[in-house]
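A short worksheet on the structure shown next.
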Amino acid sequence: MRNIVNFLWKNNFTILFLILEFIAFTLLIQTNRFHKASFISNTNAMSGGVYSAYSSVTDYLQLKSVSQEVAAENAKLKSASSLSFIKMRGSHVYIDDTLYFQQYKYLSAKVVNNSVYKRNNHIIINQGAEQGIKPGMGVISSKGLVGLVKDVSAHYSAVVSVLNGNTQISVKLKKNNYFGIMSWESDDNSTTATVNKIPSHVDLQIGDTIISKGASTIFPEGILAGTVSDFKAIPGSDFYNIKIELTTNFSNLSYVYIVKNLLKTEQQELEEKIEENND
């Protein structure tokens, strides 16, 4: 308390001057329209700048939650897409909710770890057995194919990336439905892959689109894989060796979608019966 009194006593003239300046400034603003308008305008500009900076900071801090909300909403939209349903009746068109039966559902997941420079790359996502994830499920991004679920814990899953020497996915040319196998060869980088088993008599052009074949129980038909960047006929073979530019950017992968095939068990059981009858 004594220090405060000493400070006020030593600076009494300065404090008195500041008080009088404040009173004079206030009277000037209140009695003069021009100065009052100018003061309000400058005050609004300053406060607007402060609020704008504050908003930018809070928006940045909220990006994580916004991204999660967008990913969840995209998963719902993908589940509601016509590609996720199979037709229950013939070629006739009906305005009827029972015309189509949903075959695929999608669950969004955050990528928590991802490798792109190894020979056999893997991705760790934050959804697991508690969310119904099982080994063998397909994984896609908003841009295209990502990989296959390999191992699952309670809350996490390990995904075998497309950028893995052990990954093979059935794909086809979008324009004519000729199908082949997409894999990741030793001379591919994180942006390219190889497609084999497409016959060399097929009309093929640079820029042609490669999509998922959809014949397996893993991916629906029509998911983007990449575009043809180079191709050549394999000597002594009837097939092309095709290089494609992947549509999924694995270097900045943040959110993915796990594909749940609701009819997988039914299809597998039927395929097993066919194999037993052929033995």
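Derivation of every value follows stated rules applied to the coordinates shown; laboratory data play no part. Since the model is a prediction, treat every value here as computed from it, not as a measurement. Counting neighbours? That spans all protein chains shown, and the Cβs are built from the backbone with ideal geometry, glycine included.
Here is how the numbers come out for the structure above:
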item	result
Amide H contacts of Gly226 (H built 1.01 Å from N, under 5 Å, at least 5 apart or other chain)	Ile210, Thr247
Flagged links, alpha-carbon separation over 26 Å, of Lys143/Lys213; Lys118/Lys143; Lys174/Lys232; Lys175/Lys273	Lys175/Lys273
Segment 227-279 shape via C-alpha gyration tensor axes, a/c threshold 1.5	oblate
Order of Asp188, Asp151 - criterion: other Cβ atoms within 10 Å of each residue's Cβ, fewest first	Asp151, Asp188
Sequence-distant residues sharing a close amide H with Lys175 (under 5 Å, placed H)	Thr209
Residues Glu266, Glu276 arranged by fewest to most Cβ contacts within 10 Å	Glu276, Glu266
Among 114-122, 142-150, the order from most to least packed when residues are scored by Cβ within 10 Å on average	142-150, 114-122
Gain in span if fully extended, Gln131 to Ser229, counting 0.36 nm per residue against the direct Cα distance	31.5 nm
Segment 240-249 - phi-based ³J(HN,Hα) in whole Hz, Karplus 6.51/-1.76/1.60, Gly and Pro as x	8, 10, 10, 9, 10, 8, 5, 7, 7, 8
Pairwise label distance in nanometres, Asn196 with Asn249, each label 7 Å out on the Cα-Cβ vector	3.1
Cα centroid of segment 194-233 to Cα centroid of segment 132-164, whole Å	21
Order of Tyr106, Tyr255 - criterion: other Cβ atoms within 10 Å of each residue's Cβ, fewest first	Tyr255, Tyr106
